[in-house]
Amino acid sequence: MNKGKLEEFNETNFSPTVLFHMAPENVVGINDARTYYGHFLTGFSSIKFKIKEVFGQGNKLTKHWVFSGVHTGDFFGIPVTDLPVTLQGSTIVRMENGIIMEEQDFFDNLDLLTQLGVY
């Protein structure tokens, strides 16, 4: 995400039917994943995405990450605030034959909305 390369969402890295468990509804497939994560790339500038720790067992891994940026573009309908945000979270990833089949992110949406001044 640091490089803004949505083309990394491809069949080399992800299953064509990859499933991202999200609220309020899941994101299914590579194209929808590009659209979803594209909101972060267009909604924020000065993006930094750091993976702090990764560990795994079998076909699953977990990563602890930190996302930061400045809200300088529309973000899922939230108008520009020019506010900095920092969001910590974890992701569980299920893989098969070196390809990501499924991901589930865990982070505090209320904290993000509070930092954006929505709440």
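Every read-out reported here was derived from the displayed coordinates using simple, explicitly stated rules and does not represent laboratory data. As the structure is a computational prediction, the values presented were derived from the model and not from experiment. Reconstructed Cβ throughout: ideal geometry from the backbone, glycine too, with neighbour counts over all protein chains shown.
Some observations on this one:
- Cβ-placed point charges (K, R +1; D, E -1), dipole of the chain about Cα centre in debye, nearest 20: 380
- Here the relative contact order of the chain, from alpha carbon pairs under 8 Å that lie six or more residues apart, stands at 23 percent.
- Among GLU103, GLU53, GLU11, the residue with the largest mean-square fluctuation in a Gaussian network model of the chain, with springs joining Cα atoms closer than 10 Å, is GLU53.
- Distance cut-off 18 Å, percentage of C-alpha pairs in the range 6-115 lying past it: 54
- Angle between the chain longest axis and helix 30-43 axis [Cα atoms, degrees, rounded to 10]: 30
- In the range 1-108, the trypsin sites (Lys or Arg not before Pro) that fall in loop regions by DSSP, at most 11 other Cβ within 10 Å: LYS3, LYS5
- Restricting the range 17-80 to chymotrypsin sites (Phe, Trp or Tyr not before Pro) that sit in a DSSP loop and have at most 10 other Cβ atoms within 10 Å of their own Cβ leaves PHE76.
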